[in-house]
């Protein structure tokens with residue numbers, strides 16, 4: 001059912017009233033509807049865990065004017081029931097909470113030309129802010145492969161792995177989506193103002209926080225669940241044992257979606273958190289974009305060929321033939337009887353094997369006996 005205008009206005013007001021990811025507010029809105037919750041709070045009625053002394057503040061809000069201001073700066077407010085609403089977010093109602101943050105968002109403030117429902121084939125790529133050159137390269141290349149295949153790359157626009165993921169998608173003109181812990185009209189970090197502009201042109205910049213809101217620790221924790229919920233799976237590239245990216249990984253697990261980890265050097269502190277998830281079986285080891293596509297794609301799509309070494313002439317030989325070949329000298333010719341003694345095989349069988357090996361260009365016969373040919377020595 002599509003959202004009514006009154007429902008949208010109520011959600012705008014409640015969005016200003018509650019911190020992003022407040023599970024109490026999310027639960028009440030899911031149970032009673034945004035209009036009912038707003039009206040009860042205005043009447044200072046007791047609600048489950050939500051302060052009832054906010055009537056004056058709530059009454060002072062003008063959600064219609066806020067929507068008009070947002071429209072002037074290129075923002076729109078997407079709510080459950082809109083055709084654009086990312087249905088993956090609805091799974092948050094059943095995913096529980098991590099710490100104090102959780103629940104379905106009241107709505108999303110969106111900047112960008114691409115509709116959110118057009119970005120349903122999405123993969124989250126997250127990791128350390130203090131990434132290494134190795135991590136940046138892997139995140140960028142992995143994201144480029146996914147974006148080239150039509151997948152949207154979701155990340156948080158932070159320094160390190162996040163920015164590398166966005167840039168990888170943008171480099172191949174692919175879609176990417178940035179989820180912020182501040183208002184979608186703001187640039188955080190400020191150094192990424194240009195990057196966020198490119199992201200908005202190629203995909204979208206979204207936030208649960210109202211326009212103008214500053215980034216805060218609790219808002220970063222809340223936005224991590226959105227990154228996980230807006231993607232079919234999450235890849236963690238470089239995360240220490242206390243990395244914030246592991247919060248996104250935990251939400252991915254709670255949502256029962258594929259969690260993937262890129263291994264780093266075993267001595268690198270930046271990868272210890274990733275390695276632990278892989279070691280425990282919580283994350284699947286991936287080494288590039290093709291691994292990710294195989295795991296997240298539809299059955300039969302993006303299948304990765306198992307890497308194999310180039311076959312050598314020796315690989316086609318039987319065990320006995322290899323035994324004879326190993327007994328043939330490299331430089332000084334030896335007779336068949338000498339080869340037979342060295343190989344521990346009868347002379348007749350050695351003759352047959354040497355003839356076959358000669359046909360395959362592995363041994364050479366001369367008046368003095370047998371030697372390895374150049375192909376066998378290689």
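In region 266-298, the residue that is nearest to residue 136 (Cα to Cα) out of those that are part of a helix (DSSP H, G or I) and touching a strand residue (DSSP E or B) at 6+ places or on another chain (Cβ under 7 Å) is 274. Annotation: residue 300 fulfils all but one of (1) surrounded by 15 or more Cβ atoms within 10 Å (Cβ to Cβ); (2) at pLDDT below 90; the unmet one is (1).
The residue list 87, 78 contains one member that is surrounded by 15 or more Cβ atoms within 10 Å (Cβ to Cβ) and either at pLDDT 95 or above or in the same structural domain as residue 120 (by TED's automatic domain parsing) (or both), which is 78.
Of all the criteria given as (1) in the same structural domain as residue 102 (by TED's automatic domain parsing); (2) without any contact (Cβ under 8 Å) to a residue 24 or more places away in the chain, the one not satisfied by residue 203 is (2). Among the strands (runs of 3 or more DSSP E) confined to region 51-170, the ones with at least 3 residues that are under 23 Å from residue 283 (Cβ atoms) and in contact with a helix residue (DSSP H, G or I) (Cβ under 7 Å, 6 or more places away or on another chain) are located at 122-127, 152-155. Right, residue 236: part of a helix (DSSP H, G or I), modelled with pLDDT of 95 or more and closer than 20 Å to residue 166 by Cα or not? Considered against the rule, which asks whether it is part of a helix (DSSP H, G or I), modelled with pLDDT of 95 or more and closer than 20 Å to residue 166 by Cα, residue 236 comes out as no. Of everything listed in (1) surrounded by fewer than 16 Cβ atoms within 10 Å (Cβ to Cβ); (2) in contact with a strand residue (DSSP E or B) (Cβ under 9 Å, 6 or more places away or on another chain), the single unmet condition for residue 11 is (1).
The values are calculated or read from the model by the stated rules, or taken from the named source; none is laboratory data. Remember, predicted model here, so these are calculated numbers, not experimental data. Every residue, glycine among them, receives a Cβ derived from its backbone with ideal geometry; neighbour counts consider all protein chains shown.
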